[in-house]
1. Residues A:Asp398, A:Asp430, A:Asp390, A:Asp419: which one is on the phi < 0 side of the Ramachandran plot and more than 28 Å from the chain's Cα centre (by Cα)?
2. Take A:Thr152 and decide whether it is under 19 Å from A:Asp430 (Cβ atoms), touching a residue at least 60 places away in the same chain (Cβ under 8 Å) and buried (at least 20 other Cβ atoms within 10 Å of the Cβ).
3. Considering only residues that are assigned to a helix (DSSP H, G or I) and facing another protein chain (nearest Cβ under 8 Å), look in the range A:441-453 and name the one that is surrounded by the fewest Cβ atoms within 10 Å (Cβ to Cβ).
4. Mind checking which residues of the range B:210-231 are facing chain A (nearest Cβ under 8 Å) and part of a helix (DSSP H, G or I)?
5. Filtering the range A:425-438 down to residues that are crowded, with 16+ Cβ neighbours inside 10 Å and in contact (Cβ under 8 Å) with a residue 24 or more places away in the chain, which residue is farthest from A:His231 (Cα to Cα)?
6. All but one of (1) free of Cβ contacts under 8 Å to residues at least 12 places away in the same chain; (2) surrounded by fewer than 15 Cβ atoms within 10 Å (Cβ to Cβ); (3) part of a helix (DSSP H, G or I) hold for B:Asp53; which doesn't?
7. All but one of (1) crowded, with 17+ Cβ neighbours inside 10 Å; (2) in a loop (DSSP other than H, G, I, E, B) hold for A:Leu378, so report the exception by its number.
8. Has the range A:328-350 got any residue that is touching a Cys at 6+ places or on another chain (Cβ under 6 Å) and either surrounded by fewer than 18 Cβ atoms within 10 Å (Cβ to Cβ) or not aromatic (Phe, Trp, Tyr) (or both)?
Amino acid sequence: MKTVRQRISLFVCAIVLFCLAFMPINSAVSVYAAPITGGEITVFSWEDYIDEGDDEAEDEELRTSILDIFEEETGIHVNYYTFATNEEMYNEIKRDPDACDLVCPSEYMIMKMKSEGLIKPYDIPENWEEYGSPYIKENIFGELGMTEDDKTYAVGYMWGTMGYLYNADKFSAEDLNHWSAIWNSEFRGKTTIKDSIRDTYIMAIAVVYEEELLEQRDKFLNEEITEQEYHDILFEIFNRADDATIEKVEEKLLALRPNLYGFEVDSGKSDILTGKIDVNFAWSGDAVYSMDEGDEAGVNLAYVVPEEGSNVWFDGWVMPKNANEELARQFIDFLCRPKIAIRNMEYIGYVSAVAGDEILDWIIDTYELLDEEGYLELSEGEKEDYFETDISYFFGEDAGTILLYTDTVGRQYSTQYPDYGVIQRCAIMDNFDDDTLVLINAMWNRIKLITLSDAAIILISVAIGVLILSGIAYKFKDKLFCKKIKK
Amino acid sequence: MKDVNAVEKKNAASRRRFGFSRQSLCIPYGVFLLFFVLFPLLLVAYYAFTSADGTFTFANFADFFADKTKVSTLLISIIVCILVTALCLVIAYPVAYILAKMKKSVAFIFLMLFITPMWINFVLRAMAMKELLSLIGIPLGNFANIIGLVYDFLPFMVLPLYSTLIKMDKSLAEAAADLGAGKVKVFTSITLPLSMPGVISGAMMVFLPVMSCYVITDTFSGATGFSVVGKLISWCFLGENGTLSNINGGATIALVLLVIMFLTMWLTGGFKDEDGARGTNL
C-alpha cells in the first residue's frame, strides 16, 4: 500500500519533471506567439531576403540591419520569421491566419491566396506609387488583376526571369538560344534543371510548343500581330495544363532525364563554377550571383533567355486577412524607398521591383554603363562597340538611353535588366487549380522516381511475399512440424 | 532468512521515508515515451485512416497501392535494403572477425577508425563522399547510391558483429579443432552459428533505417538514380515541388513502412534482446 504522502510526492515529482521536459518548448512558443500590440508587426519572408546588416562592412550604416533602421525611425518593432517554400508559408497561414501581418510569397501563391480570400487589399503605399516600376505595376499587376481602384493586393519586392546560365568559355549564346538545346547529347551529364515542377514545367512547355512559339514570335517581329496579341498568346501557351500537354511534357522530361547531371534548386550555382556542369537552368538572380563568383574564380559565365520566350516572376508583399494594415503598410513603404531597395538588392542579388532615378544612377555607376552624353564623347571607332538597350519599360519613358558594350551582353547587367526585346517574349505563370496540380504532381513523381513495369512489380511482390511466408513458417516451425514429437 | 527480511523491511522503510521508489525514476522516460513516441504514433494512425476533412476512410491506402510509381518505389526500397544489408554483411563480417582476433589494444585503434567518422553528421559525410566519387570518376546514379548507403551504414554492421564475436567463448572453437575439425568446419559449425545474434542485430540496424534514408539517395542519385520510400513521405509532408502538403497520404506511407519494419523485427526475433549485442551499438 502506498501512503498518501508517497502518492503526493510522486505526483509532485511527475509534475516537476513534466514541466522541465516542456520548458524550452514552452518559452519558444511564447516568443513566437507574442501578442501584436502597438508598435509591433510580424513579417514572414524568405531566408536571406532582407539586408540584416553586414558585420564586415566598413560603413557604419551598412552594418545595421534594415529592420533596426525601420524601428529607430518609426518605433515599430519587426518580428522577422522565414520560410523555405511557398507551400510551407501557405500551410502556416492557413493554419493560423493571425500568425503574421506581412508575407512575401511568389506570384502564383499570391494568386492562390487571393482567390481563396486569405489576403486583403490595402491602400497603395506612397513610395510604391511613386517609385514602383511601371512594368511591374501596369503590365504584370494589370494582367493579374492585383490592383482595384486605389487599393492593391500586393506590392512588388524582387523580380526576374528564367533562362540558361552557361559556361561562356565552352559555349556561345547561339548554342543555347533554344530551350531544346540541352536535349542534345553534347550536353550529356553536364546540365541541371530545377527540382521544382513549376519552374521545370515552363521549360518543358517551351520545348513541347517550340514551333508554335517561334512562329508567333516571327509573326510579331514581322508586325503581323500586335504586341498585346503576341503577349496574350504567350500567356496562354505558357499556362497550358490540359491532359495532352501534361503527357507531352512528361515525355519530354523523361527523355531529358538521362542527359542530366541532376535536379537542384541550390547546388547548381556552385556546380557550374567547379565545372561539374556547363549549363544550368537558372533564375536570373542566381545567375548574377554565379557570374560574380565566377569573375573572382576566373570562370566566364553568361546568361541567355532562349528565343521561344520565358517566364517572368516576382515576389511581393501581401497582407493576410487579419493583418495590422496601418503598421504593415509603413514597413512596405519603407522598403520601397530607393535607398533601402538598393541595399536589399546589393545584399540579396536579385532585382528590386522599385525603379526611380536613384536606382538608375546606381546601376549606371555600378556597371559603368554609358548614357547618351558619355556616348557622344566616344570616337567613331569606339562607338561601333556599343549599342542601345531599351529599359524604359522598367524605369519609365524618361529613363534616357543606356548604351551597352557588346561584350557585356548576357552578363550581370543585361541579366538583371533585360532589354525590352527579351521582356516582350516573357510571360507570367498563373496558379494551377487543385485538380491540375494533382495531375502535374503525379507526372513529376514519375519523372523523379523509377516506375517498374507491371511484370516486375508482380514478380518482386511475389518474391517478397514468399520471403515473408517462409520467415513465418520458420518462426513457427516447432508448432507446425514438431507437435507429435513434443507429445 | 529472518535477517534478510529485516534488512529488506528496513530498506523499504527508508525508501518510504523519502517517498521515492526506484520505479519513480521511470517517470521522465515514461512521460517522454507517452508524448513523443506513443502520441505521435497514434496521430500517424489517425491521419492515415482519415481524409483531409477528418472522416474515416481507406482511400489513402487505395491511392497509395494504386499508384504504380509509389509501389515501385516501395519495392525498389525493399530490394535496395536487402542488397545494402547483404553488402554490409559481406564487408563487415571479415572486418569484425579480424578485429576480434586482434590484440585488444590494436583492435581498439582500428575500432576507433570505424567509430570516429560516425561522430560527423552523416549529411556532411555524404557530401564529402559525393565529391570523392566525382574525383574518382564514378557518375551519380544507382551505383553511387549503393556505395553511399553501404558507406554510411557499414559501422552499424561492424559494431554488433564485433561485440558478439569478442564475447564468444574461444574454448568451443579450440575444442572443435582438437576434435579434428578443419578451419572451415570450425567456422561454419561454431563461429557462424554463435555469431548469428550479432548478424541479426547488425542486419536490423542497417535494413530498417535504409528504407527512410532519403538524404543519402538525394545526394547520390543524380538525375537517374532510385529514391527510397522516405522521399515519398517527405514529399507528402513538406509539399515540395510546388504542391501542397498531403499529411494524410504521408501518414499512410509512414504506416505502411512501420508495418514492414515491425514485420521484419518480429520475424527475426528482434524484439528479444537475449544477447545484449544491440545494447553495444552506438
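The values are calculated or read from the model by the stated rules, or taken from the named source; none is laboratory data. The structure displayed is predicted, hence computed values, not measured ones. Reconstructed Cβ throughout: ideal geometry from the backbone, glycine too, with neighbour counts over all protein chains shown.
1. On the way: A:Asp430 fails: more than 28 Å from the chain's Cα centre (by Cα); A:Asp390 fails: more than 28 Å from the chain's Cα centre (by Cα); A:Asp419 fails: more than 28 Å from the chain's Cα centre (by Cα).
Matching residue, one of A:Asp398, A:Asp430, A:Asp390, A:Asp419: A:Asp398.
2. Values: under 19 Å from A:Asp430 (Cβ atoms): yes; touching a residue at least 60 places away in the same chain (Cβ under 8 Å): no; buried (at least 20 other Cβ atoms within 10 Å of the Cβ): yes.
No, not satisfied.
3. Kept after step one, since they are assigned to a helix (DSSP H, G or I), are these residues of the range A:441-453: A:441-448.
Then keep just the ones that are facing another protein chain (nearest Cβ under 8 Å); that gives A:441-442, A:444-446, A:448.
Numbers: A:Asn441: 20, A:Ala442: 15, A:Trp444: 26, A:Asn445: 21, A:Arg446: 17, A:Lys448: 21.
Once the filter is applied, the top-ranked residue is A:Ala442.
4. The one that is facing chain A (nearest Cβ under 8 Å) and part of a helix (DSSP H, G or I): B:Lys231.
5. First pass over the range A:425-438, keeping only residues crowded, with 16+ Cβ neighbours inside 10 Å: A:425-432, A:437.
With the extra rule that they be in contact (Cβ under 8 Å) with a residue 24 or more places away in the chain, the set shrinks to A:425-432.
Details: A:Arg425: 7, A:Cys426: 8, A:Ala427: 7, A:Ile428: 10, A:Met429: 12, A:Asp430: 14, A:Asn431: 18, A:Phe432: 19 Å.
Among residues in the range A:425-438 that are crowded, with 16+ Cβ neighbours inside 10 Å and in contact (Cβ under 8 Å) with a residue 24 or more places away in the chain, the one farthest from A:His231 (Cα to Cα) is A:Phe432.
6. Of the numbered conditions (1) free of Cβ contacts under 8 Å to residues at least 12 places away in the same chain; (2) surrounded by fewer than 15 Cβ atoms within 10 Å (Cβ to Cβ); (3) part of a helix (DSSP H, G or I), the odd one out for B:Asp53 is (3).
7. (1) is the only condition that A:Leu378 fails.
8. To start, the set of residues in the range A:328-350 that are touching a Cys at 6+ places or on another chain (Cβ under 6 Å) comprises none.
Within the range A:328-350 (the criterion being touching a Cys at 6+ places or on another chain (Cβ under 6 Å) and either surrounded by fewer than 18 Cβ atoms within 10 Å (Cβ to Cβ) or not aromatic (Phe, Trp, Tyr) (or both)), the answer is no, since none of the residues qualifies.
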